[in-house]
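Colleague: Pasting a structure below so you can have a look.
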Amino acid sequence: MAVVFKRPHALRDVPMHYCPGCTHGIVHRLIAEVIDELGIEGKTIGVSPVGCTYNNYEYFNCDMQQAAHGRAPAVSTGIKRVHPDNVVFTYQGDGDLAAIGTAEIVHAAARGEKITTIFINNAIYGMTSGQMAPTTLLNQVTTTTPYGRKPELHGFPIKVCELLSTLDGAAFIERVSMHNIKNILNAKKAIKKAFQVQMANKGFSLVEVLSSCPTNWGLSPEKALKWIEEKMIPVYPLGNFKGKDLEV
Amino acid sequence: MGEKLLMKGNEVIAEAAIRAGCRHYFGYPITPQTEIAHYFAKKMPEVGGTFIQAESEIAAINMVYGAAGAGARVMTSSSSPGISLKQEGISYASGAELPAVIVNIVRCGPGLGGILPAQCDYFQAVKGGGHGDYKMVVLAPCSVQELYELTVEAFNIADKYRILAMIMGDGILGQMMETVEFRDKEEIYEADKSSWATVGTRMERDHNVITSIYIDPEVLERHNQKLQAKYRLIEENEVRCEVYNCEDADVIVAAFGTVARIVKNVIKMAAKEGIKVGLIRPITLWPFPVKVFEKYAEVPKAFLSVELNAGQMVEDVRLSVNGKRPVYFHGRMGGMIPTQQEILDKIKEILK
């Protein structure tokens, strides 16, 4: 019998703890597939963040480090400078990367650190139960913006790809989405390219993934995917911001 | 011994680290220790090492975390306000049992305080400045020669026990030029890091994970018990202390770092007046030389702790002497340094 679907080798055979309908698991799988396809599991070192994916070091077969909240780009810098021939990636959420870790991600990109960041933007804090994220949309209701995010009180969503693509050290920046199959396949291409950019020593690479959080958005999994498409994409347009034509 | 040079304390720290095999330094400028960074910036390219001027002390300590977790000998340095910023990373690295060396050339606080010498970070260093039950080995050199020797030692202790080791000095020591005699070759503790360092699995073993989080309370308690057992072992094996002139002393002074050098002159002055003064100089502030104080607890009429702070080490001296003799304190703050005469006056007052 032909095997038509199997777990990527880079993904460990353990149950994941994510909520039903959450797209973290899909992104994990895409990363693992890319690691398999590039044949780099043995030399890849991943860095886990703080947030819903604090323990995703349990899900990847490569060596892993767990970092303090927001500090994954600095931790990765340390690893990469010790092992420049290894492949180093961070996996970070919007609170981790765009709030508490803003300095670390900006400066890792500015230094052109040869690391790859997978940035999950679901416009909310998942782990701590639905607070406002730096990427929360205007008027979006969260547990800390119960009357909706008001610009005069809470400021505006941070557009990470637009911000980082102004930096010369950033070689590859792309925003993708998890809301349907076509976009999931596109996301995989972008993640693969981001790893290849690192392996070609071109500089810093980041893929922002628009992701769903049905639990904290208070939506069914299906409606959550619709919400990405209808509400998030107009604020966070998909596409490549930098490095589209880089030869890798 | 080999080469003998006249060098500045801060530069000796960096030179010692390179001699100890440290090839990765991450730091952020702050007075009065920035010469450490200058030295590394110049020398690391020559020895094939890495120097990064990080965007913050927070980033620097997390770069240390990553590099230590990847198996390298690594160091950061700062001064008091910067060390406060590093406390998060210090706690995480301690939880994850990462070996690394941190230098604190202490300046006076609180807050931005001033840039002059102080010992006001004793509590922060030895009692746990970050969150959680953890310890760092804290070494307090009193000369440029000792800065060299203890920096090398710090790397070895860190690797031997998978623990953070801190060199605690002050601006006097960091800025002072003295002769230093380097060994031709350092004794390097060669640790086997293969069971935990993240260097890539090479598809030959299960993955290594560096982490400080253990959600299951039973597992986390066991992890803490393992850490505590390690700390007890270090208390047993790694205490370093200088005992000077204590055998029949009227007063034993406790002092560490540069203050101990002032006290040695006080001992000479006192002798001329027929007063016998001894010195116990803890070289490891943690583990504290409890047994040394116990041994001499009933020798003098009293103990006196002299510090550049409001009275910090004195608490450990009191705990160690355990009520057998009175323990007095004399301290200066804000970058002020006690004169020999004022210390002698304090000793006379105690003996009255």
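Colleague: Report, by residue number, each residue of region A:17-54 that is open to solvent by 10 Å² or more (accessible area, probe 1.4 Å), touching a His at 6+ places or on another chain (Cβ under 7 Å) and assigned to a loop (DSSP other than H, G, I, E, B).
Modeller: Hits for region A:17-54 are A:Y18, A:V50, A:C52.
Here is a yes/no grid of residues against (1) within 21 Å of A:H107 (Cα to Cα); (2) free of Cβ contacts under 8 Å to residues at least 24 places away in the same chain; (3) facing another protein chain (nearest Cβ under 7 Å):
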residue: B:A59; (1), (2), (3): yes, no, yes
residue: B:M75; (1), (2), (3): yes, no, no
residue: B:L85; (1), (2), (3): yes, no, no
residue: B:S91; (1), (2), (3): no, no, no
residue: B:S94; (1), (2), (3): no, no, no
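Colleague: If you don't mind, there's one more thing I want to ask. Could you tell me which residue of region B:21-49 is surrounded by the fewest Cβ atoms within 10 Å (Cβ to Cβ), considering only residues that are closer than 11 Å to B:N10 by Cβ and touching a residue at least 60 places away in the same chain (Cβ under 8 Å)?
Modeller: For region B:21-49, the residue satisfying everything is B:T31.
Colleague: Whether any residue in region B:292-306 is under 22 Å from B:M136 (Cα atoms) and open to solvent by 20 Å² or more (accessible area, probe 1.4 Å) is what I want to check.
Modeller: yes
Colleague: Looking at B:V138, B:V101, which is the one that is farther than 27 Å from A:P73 by Cα, open to solvent by less than 10 Å² (accessible area, probe 1.4 Å) and touching a residue at least 24 places away in the same chain (Cβ under 8 Å)?
Modeller: Details: B:V101 fails: farther than 27 Å from A:P73 by Cα.
The unique qualifying residue is B:V138.
Colleague: Would you check which residues across region A:79-104 are in a helix (DSSP H, G or I), under 20 Å from A:L167 (Cβ atoms), open to solvent by less than 20 Å² (accessible area, probe 1.4 Å) and within 10 Å of another protein chain (Cβ to nearest Cβ) and list them?
Modeller: Those that are in a helix (DSSP H, G or I), under 20 Å from A:L167 (Cβ atoms), open to solvent by less than 20 Å² (accessible area, probe 1.4 Å) and within 10 Å of another protein chain (Cβ to nearest Cβ): A:K80, A:E104.
Colleague: When the residues of region A:199-211 are filtered to those that are touching a residue at least 60 places away in the same chain (Cβ under 8 Å) and over 11 Å from A:G112 (Cβ atoms), which remaining residue is surrounded by the fewest Cβ atoms within 10 Å (Cβ to Cβ)?
Modeller: Of everything passing the filter in region A:199-211, A:M199 is surrounded by the fewest Cβ atoms within 10 Å (Cβ to Cβ).
Colleague: For region B:237-352, which helices (runs of 4 or more DSSP H) that fit wholly inside it have 1 or more residues that are within 25 Å of B:G9 (Cα to Cα) and touching a strand residue (DSSP E or B) at 6+ places or on another chain (Cβ under 8 Å)?
Modeller: B:258-272, B:313-321
Okay, residues lined up against (1) open to solvent by 30 Å² or more (accessible area, probe 1.4 Å); (2) within 30 Å of A:N56 (Cβ to Cβ):
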site: B:Q145; (1), (2): yes, no
site: B:A154; (1), (2): no, no
site: B:L164; (1), (2): no, yes
site: B:M177; (1), (2): yes, no
site: B:I188; (1), (2): yes, no
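Colleague: Moving to a separate point now. Quick check on my filter: what residues within region B:74-94 are closer than 21 Å to B:T211 by Cβ and crowded, with 24+ Cβ neighbours inside 10 Å?
Modeller: Answer for region B:74-94, where residues must be closer than 21 Å to B:T211 by Cβ and crowded, with 24+ Cβ neighbours inside 10 Å: B:V74, B:T76, B:K86, B:G89, B:I90, B:Y92, B:A93.
Colleague: Give the residue that is most open to solvent (accessible area, probe 1.4 Å), with candidates limited to residues of region B:308-326 that are of a type in the set (S, T, N, Q) and over 17 Å from the mean Cα position of the chain (by Cα).
Modeller: B:N322
Colleague: Please determine, by comparing only the residues of region B:213-236 that are open to solvent by 80 Å² or more (accessible area, probe 1.4 Å) and under 26 Å from the mean Cα position of the chain (by Cα), which one is nearest to the other protein chains (Cβ to nearest Cβ).
Modeller: Kept after step one, since they are open to solvent by 80 Å² or more (accessible area, probe 1.4 Å), are these residues of region B:213-236: B:215, B:217-218, B:221-222, B:225-226, B:232-233, B:236.
Within this subset, residues satisfying the condition of being under 26 Å from the mean Cα position of the chain (by Cα) are B:225-226, B:232-233, B:236.
On the way: B:Q225: 21, B:K226: 17, B:R232: 26, B:L233: 26, B:E236: 31 Å.
Out of the qualifying residues, it is B:K226.
Colleague: Run down A:A123, A:A133, A:A170 and say which single residue is more than 14 Å from the chain's Cα centre (by Cα), closer than 22 Å to A:E104 by Cα and in contact (Cβ under 8 Å) with a residue 60 or more places away in the chain.
Modeller: Values: A:A123 fails: more than 14 Å from the chain's Cα centre (by Cα); A:A133 fails: in contact (Cβ under 8 Å) with a residue 60 or more places away in the chain.
The conditions single out A:A170.
Colleague: Let me ask another. Taking region A:105-119 as the region of interest, how many residues are over 13 Å from the mean Cα position of the chain (by Cα) and assigned to a helix (DSSP H, G or I)?
Modeller: Final tally of qualifying residues: 5.
Colleague: Moving to a separate point now. Output the residues belonging to region A:212-243 that are touching a residue at least 24 places away in the same chain (Cβ under 8 Å), part of a loop (DSSP other than H, G, I, E, B) and open to solvent by 40 Å² or more (accessible area, probe 1.4 Å).
Modeller: Of everything in region A:212-243, those that are touching a residue at least 24 places away in the same chain (Cβ under 8 Å), part of a loop (DSSP other than H, G, I, E, B) and open to solvent by 40 Å² or more (accessible area, probe 1.4 Å) turn out to be A:S220, A:P237, A:L238.
Colleague: Might you let me know whether region B:191-212 holds any residue that is in contact (Cβ under 8 Å) with a residue 24 or more places away in the chain and more than 14 Å from chain A (Cβ to nearest Cβ)?
Modeller: yes
The values are calculated or read from the model by the stated rules, or taken from the named source; none is laboratory data. None of these values were measured; they are calculated from a predicted model. In this analysis, Cβ positions are derived from the backbone assuming ideal geometry, glycine residues included, and neighbour counts consider all displayed protein chains. Just so you know, the surface numbers come from the protein's heavy atoms only, side chains and all, with ligands and any DNA or RNA stripped out. Shrake-Rupley method; radii C 1.70, N 1.55, O 1.52, S 1.80 Å.
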